[in-house]
1. Show me the helices (runs of 4 or more DSSP H) found entirely inside region A:1-62 where at least 2 residues are within 12 Å of another protein chain (Cβ to nearest Cβ), out of contact with any Phe, Trp or Tyr (no Cβ under 8 Å at 6 or more places or on another chain) and of a type in the set (Val, Ile, Thr).
2. If the Cβ limit is 6 Å and pairs must be 6+ apart or interchain, which residue in region B:20-45 that is within 30 Å of residue A:55 (Cβ to Cβ) pairs with which residue that is surrounded by fewer than 18 Cβ atoms within 10 Å (Cβ to Cβ)?
3. Checking the conditions here, which among B:155, B:143, B:164 is within 17 Å of the chain's Cα centre (by Cα), at pLDDT below 80 and surrounded by 10 or more Cβ atoms within 10 Å (Cβ to Cβ)?
4. Filtering region B:83-118 down to residues that are outside any helix (DSSP H, G or I) and modelled with pLDDT of 65 or more, which residue is surrounded by the most Cβ atoms within 10 Å (Cβ to Cβ)?
5. I need the full set of residues from region B:1-38 which are under 26 Å from the mean Cα position of the chain (by Cα) and not in a helix (DSSP H, G or I), in order please.
6. Surrounded by fewer than 15 Cβ atoms within 10 Å (Cβ to Cβ) and touching a Ser or Thr at 6+ places or on another chain (Cβ under 9 Å): is that true of residue A:22 in this structure?
7. Within region A:63-100, take every residue that is among the hydroxyl-bearing types (Ser, Thr, Tyr) and surrounded by 13 or more Cβ atoms within 10 Å (Cβ to Cβ) and give me the one that is farthest from the other protein chains (Cβ to nearest Cβ).
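The values are calculated or read from the model by the stated rules, or taken from the named source; none is laboratory data. The structure displayed is predicted, hence computed values, not measured ones. Cβ coordinates were reconstructed from backbone atoms using ideal geometry, including for glycine residues, and neighbour counts include every protein chain displayed.
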Amino acid sequence: MESLPLTEPVLLILLSLADQPRHGYSILKDIEQVSEGRVVLSTGTLYGALRRLLEDKWIERFEDADTSRGKQSYRLTAHGRRNLRFEVARMKKLTRVASLRVARES
Amino acid sequence: MMIVYRNLLRLYPAEYREQFGEEMAAVLLDARAENTNKKWIARGRFHFREARGLIAGALREHLRVLTYAHVGLSLSTGRFAMRNGFRFPKSTAILMTIILAGVIVAIRKGEAIAASLPNVSQPIAPIHSAPSYLLPGVIAGFIFFYAAGLTGWAILFALRRSGIHRLADLSEK
């Protein structure tokens, strides 16, 4: 995959959209929750990443009840979901190797 | 504080503002409402983070518009990635620099070869080597044309007649 590994904000945004479509503020809150408060994205960083993800067609706009209240929701495209799977598989492989090596050290 | 944020949002390119401006303002409003009851240190940290994010984001977007560079989603691996959006002027500037470096190396090599040759002609007719103005001339010419190009572009940009503005006008129509 050409675009892997992903930056942490991008990975967290994709993970946030993996289970359901979300709007901007909901993505921010979910990332904060998933990372246990370690990663708190600013609005500027979030929308910079969303713009690139939209441009690369990893995510798309999604019309729902929030849209009518002025909150645009986003969801993963099939392409984005496939890339997220690749990234998760890559990280799993890396974690497995890292665990083996760390265990050997101790 | 929302006034400050709205002004910071104005720093973004027009096209970006049109696409995301209102959404970003709504998110900032929600985030601010959530932080209202927090301690002043937490509020200060929040405002600093948001202001920094907006300024950095605006700079990044302007840079993207100016260079047509495609900022990827991945971590940098140090490899040179040739992508569709990566054309001008970054690639042209790099090529010009490589060509200039090649010319300088060739001149230096030529001078070194000339200096290493035995001076066989001295007994017949002494030759006084003229000072070489070629290398400084090439560098001065490069700097001059580069500066002229930049100045011209800056004037067009200030007059809102650069290629970017014309493309923006076309897309608006």
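1. A:8-18, A:43-55
2. Listed pairs, sorted by first residue: B:26/A:70.
3. On inspection, the qualifying residue turns out to be B:164.
4. Residue satisfying both the conditions and the ranking: B:117.
5. Within region B:1-38, B:10, B:11, B:12, B:13 qualify.
6. Taking the combined requirement at face value, the residue does not satisfy it.
7. Of everything passing the filter in region A:63-100, A:77 is farthest from the other protein chains (Cβ to nearest Cβ).
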